[in-house]
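What follows is one structure encoded as structure tokens, with my remarks underneath.
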Number of protein chains: 2
Amino acid sequence: MAEDVFKALADPTRRRILDELAERNGQTLFEICARLATKHGLGLSRQAISQHLAVLESAGLVRSRRQGRYKFHDLDTAPLEHIVTRWLSTDTPESTP
Amino acid sequence: MAEDVFKALADPTRRRILDELAERNGQTLFEICARLATKHGLGLSRQAISQHLAVLESAGLVRSRRQGRYKFHDLDTAPLEHIVTRWLSTDTPESTP
DNA sequence: ACCATAGGCAAGTGGAGACTTGCCTGACAA
DNA sequence: TTGTCAGGCAAGTCTCCACTTGCCTATGGT
């Protein structure tokens with residue numbers, strides 16, 4: 001649902017998570033926590049990231065695969081492609097001089 | 001700022017307003033109110049729409065031009081184009097087995 | 001068996017934002 | 001000028017959501 005995608009993208013922390021997954025796919029929750037803390041200085045609790053990942057997953061932007069006691073997260077950019085075209089396909093008829 | 005664009009797109013009512021402006025550019029506040037009420041059944045106050053338009057305008061998605069006692073609103077899709085490419089251009093380098 | 005690790009499940013708190021209500025300003029017509 | 005119409009400026013209310021805290025489950029190592 002495109003509805004959830006917009007809501008998922010609304011939060012800056014979630015966009016950062018997408019950035020991280022775009023840079024390195026298949027990270028675990030703890031890896032994402034560590035990289036957000038070190039690279040972006042975000043001192044968030046593990047639960048916060050976990051909840052963000054749940055939102056991203058229910059929006060279809062992140063896929064998760066369980067393997068033993070690890071859970072790897074993969075980015076899925078498919079829902080992003082047909083979101084903005086809703087207004088762009090209405091074209092821009094030479095409105096910028 | 002891309003930050004504001006995501007926040008602006010987060011609200012369903014604001015996306016509806018963009019839909020309306022995409023369908024017919026240069027509407028006034030009252031026109032948008034009327035069309036949202038009749039076409040989408042949204043019984044929102046005039047102030048609500050006005051505040052939404054302010055958010056959209058500060059995000060650069062809507063331009064407004066004053067003319068007498070009317071204020072016309074025009075859609076600007078420029079900020080939408082370079083938003084999603086942030087993750088799409090990072091591509092997916094055959095990482096899915 | 002034990003203990004440490006990776007993650008999940010709540011319930012609770014605080015703040016941002018969507019929406020309203022009321023009053024005020026400016027522009028056009030009679 | 002007076003009345004009306006389009007819009008703005010505040011307040012104030014209330015709901016949702018991001019984040020925390022605490023405890024619980026399960027997997028793997030030794």
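The values are calculated or read from the model by the stated rules, or taken from the named source; none is laboratory data. None of these values were measured; they are calculated from a predicted model. So basically every Cβ, Gly included, is an ideal-geometry build from the backbone, and we count neighbours across all protein chains shown. These area figures cover heavy atoms from the full protein model, side chains too; ligands, DNA and RNA do not enter into them. Shrake-Rupley method; radii C 1.70, N 1.55, O 1.52, S 1.80 Å.
Tabulated data
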item: For the stretch A:17-35, residues shielded by at least 40 square angstrom of accessible area compared with the chain on its own, probe 1.4 Å; result: A:D19, A:A22
item: Apportionment of accessible area to carbon and sulfur, the stretch A:1-79, percent (1.4 Å); result: 50
item: Taking chain B and dividing mean pair separation by its residue count, relative contact order in percent (alpha carbons under 8 Å, at least six apart); result: 31
item: Built amide H within the under 5 Å cut-off of B:G26, gap 5+; result: B:H73, B:D74, B:L75
item: A:V62 long-range amide H proximity, modeled H, under 5 Å; result: A:E57, A:D76
item: Summed buried accessible area for B+A [probe radius 1.4 Å, Å², rounded to 100]; result: 2000
item: Set of lysines near A:K7 by C-alpha distance (under 20 Å), chain-local residues within fewer than 8 positions excluded; result: B:K7
item: ³J(HN,Hα) computed for each position of the stretch A:3-10 - Karplus, 6.51 cos²θ - 1.76 cosθ + 1.60, integer Hz, glycine/proline x; result: 3, 6, 5, 4, 5, 5, 7, 5
item: Probe 1.4 Å, protein heavy atoms only - accessible area per residue of the stretch A:1-90 in square angstrom; result: 54
item: Per the axis that maps chain B onto chain A, nearest residue of B (Cβ criterion) and its distance in Å; result: B:A10, 2
item: Average beta carbon contacts from partner chains per residue of B:62-73, 10 Å cutoff; result: 0
item: Restricting the stretch B:16-97 to trypsin sites (Lys or Arg not before Pro) in coil, as DSSP defines it, with at most 10 other Cβ within 10 Å; result: B:R69
item: Length released on extending from A:T85 to A:Q47, taking residue separation times 0.36 nm less the Cα-Cα span; result: 10.3 nm
item: Nitroxide proxy distance, nm - points 7 Å out along Cα→Cβ at A:Y70 and B:A34; result: 6.2
